[in-house]
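Novice: One structure, as structure tokens, below. Some questions next.
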Amino acid sequence: MTETTPETSGPVIEPRHFRETLGHYPTGVAAITAVTEEHGPIGMIVGSFTSVSLNPPLVAFMPQKTSGTFELLRAADSFCVNVLSADQEQLCRRFAAGGVDKFAGIGWQAAPSGAPVLDDVVAWIDCTYESIVEAGDHYIVLGRVGAVDVVKPALPLLFFQGGYGRFSLPSLVAGADPDLIHSIRLAEFARDQIEAVADELGAECSVMAPVGEDSVFVALASRAAVPSNVSLGFHVPLVPPLGSVFISNLGSVAINAWLSRIPQADEETQATYVAQLERVRERGYSLSLRGPHSDWEMFTAARDYSSPDRLPEHERRFRTLIREQAHLYEPDINPDGTYDLHSVVVPVQGPMGIVQIALRLANTPRQASGHDVLQWIERLQEAARVVAERLSVPQPTALLADA
Ligand SMILES: Cc1cc2nc3c(=O)[nH]c(=O)nc-3n(C[C@H](O)[C@H](O)[C@H](O)COP(=O)(O)O)c2cc1C
């Protein structure tokens, strides 16, 4: 083990400003553990863990020179880096605190070197000390890796701007999910139908499926003059008023869960959505008219609202949008009126009344007569009936099984 001291130089930067600025760079969180004869298992939390070299395998972390725990750790021959999972925030807080028995009630097993691998961590890296270099008020500890393994390929705990969090993919494109793959297979039963409807009406006709807390575009046929706002895989959170065809025939628990996703809904707003849901169930379709906002605006606002990274600004935007749009959902259609249709969504009743997919018509000609709109709805319902009939016939397992 070598110890060197680099020269100190450079401009003085105000420590608070330094910390605050560097806090904008996110880090993972690791518990460095060891066992000493005198103290038994010991450990400290670091955000400064990093991999350094593949050949030879080296990693590093930077303890404060004043850290009492590091003084104990360096007395051991080896240490283990425990990558904490997003569920281990409490453990992290305990290990970062002074004056507590950090290992009380914590399960662990010995890594090959004997250093503790804590229960339920994401991964561990077992090391011996390669070098300890002084770097200002910290040390740079270089560890030579003896063994590594992934315990649980779960989300790691992250530290950012002084707070804990987890990694998320706020993408509008759905990832591979067994439910999604199943829905894509079901959508194939509707392919010729959506193409026929799109051709006949010069519009866009798609298949949507509920996947988790979203509904996803799983098939799309567009014959409209204007390009589609959506693409395959585009997913839209099931937040009122969106996704009502998937909710309207479910029980009160699912309906309440859907309603609870409206931000700070007052009783009147809730009552509006309950009435609209009832309308969708009675009529067998959900219909909305065009407002001042595009699909994209509504979908992205709903996505940002549902995101774990929601900011107050997202909440305000979504609340404003749904308030402005509420009256555009489930209106009466009078054959003599003129309407600017936004979309019609018709559920495909699967076996036992379960709605696994729905057909959606959009991008229809502007300023249409009520008579035309009612005919389009009938056409879409007819297509949905054809698909429902196909789904009611038991399918060869090869078509529906998940790979
Ligand atoms: C998220 C997080 C990251 C931390 N990263 C480091 C680090 O990289 N180096 C360090 O010395 N201390 C770090 N600390 C502080 C130590 O975990 C611990 O609080 C400190 O070492 C306690 O002092 P002691 O070792 O004298 O008991 C971090 C704490 C937290 C909560």
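Novice: Return the residue satisfying two criteria in turn: it lies in segment 86-100 and is surrounded by fewer than 22 Cβ atoms within 10 Å (Cβ to Cβ) and touching a residue at least 60 places away in the same chain (Cβ under 8 Å), and of such residues it is nearest to the ligand (Cβ to nearest atom).
Specialist: For segment 86-100, the residue satisfying everything is Cys92.
Novice: Six or more apart or on different chains, Cβ under 6 Å: which pairs go from a residue in segment 54-79 that's at pLDDT 95 or above to one that's within 13 Å of the ligand (Cβ to nearest atom) and charged (D, E, K, R)? Could you list them?
Specialist: Lys65/Asp137
Novice: Quick check on segment 258-266. Is at least one of its residues on the phi > 0 side of the Ramachandran plot and out of contact with any His (no Cβ under 8 Å at 6 or more places or on another chain)?
Specialist: There is at least one residue in segment 258-266 that is on the phi > 0 side of the Ramachandran plot and out of contact with any His (no Cβ under 8 Å at 6 or more places or on another chain).
Novice: Here is a follow-up. Counting just the residues of segment 131-152 that are surrounded by 15 or more Cβ atoms within 10 Å (Cβ to Cβ) and within 11 Å of the ligand (Cβ to nearest atom), which one comes out nearest to Ala110 (Cα to Cα)?
Specialist: Residue satisfying both the conditions and the ranking: Val141.
Novice: Output the number of the condition that Asp87 fails; it satisfies all remaining conditions of (1) at pLDDT 95 or above; (2) under 31 Å from the mean Cα position of the chain (by Cα); (3) not hydrophobic (A, V, I, L, M, F, W, C).
Specialist: Asp87 satisfies every listed condition except (1).
Novice: Tally time: how many residues in segment 153-165 are farther than 30 Å from His17 by Cβ and loosely packed, with under 14 Cβ neighbours inside 10 Å?
Specialist: Residues meeting the conditions: 1.
Novice: Has segment 59-66 got any residue that is farther than 20 Å from Leu157 by Cβ, touching a Gly at 6+ places or on another chain (Cβ under 7 Å) and in the same structural domain as Leu155 (by TED's automatic domain parsing)?
Specialist: Within segment 59-66, not a single residue is farther than 20 Å from Leu157 by Cβ, touching a Gly at 6+ places or on another chain (Cβ under 7 Å) and in the same structural domain as Leu155 (by TED's automatic domain parsing).
Novice: Would segment 173-189 turn up any residue that is in contact with a His (Cβ under 6 Å, 6 or more places away or on another chain) and outside any helix (DSSP H, G or I)?
Specialist: yes
To keep it simple, each residue is scored yes or no on (1) within 15 Å of the ligand (Cβ to nearest atom); (2) among the aliphatic types (A, V, I, L, M); (3) surrounded by fewer than 19 Cβ atoms within 10 Å (Cβ to Cβ); (4) assigned by TED's automatic domain parsing to the domain that holds Pro15.
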position	(1), (2), (3), (4)
Phe49	yes, no, no, yes
Arg74	yes, no, yes, yes
Asn82	yes, no, no, yes
Gly105	no, no, yes, yes
Asp119	no, no, yes, yes
Tyr129	no, no, yes, yes
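Novice: Filter the helices (runs of 4 or more DSSP H) completely within segment 206-325 down to those with at least 1 residues that are among the charged types (D, E, K, R) and under 25 Å from Pro178 (Cα atoms).
Specialist: The qualifying helices (runs of 4 or more DSSP H) are 295-306.
Novice: May I pose another question? Quick one: would you say Ala123 is modelled with pLDDT under 95, surrounded by 15 or more Cβ atoms within 10 Å (Cβ to Cβ) and either more than 16 Å from the ligand (Cβ to nearest atom) or farther than 30 Å from Thr21 by Cα (or both)?
Specialist: Judged against the criteria, Ala123 is not a match.
The values are calculated or read from the model by the stated rules, or taken from the named source; none is laboratory data. Treat the numbers as computed from the prediction; the structure is a model and nothing was measured. Here the Cβ is made from the backbone with ideal geometry for all residues, glycine too, and neighbour counts use every protein chain on show.
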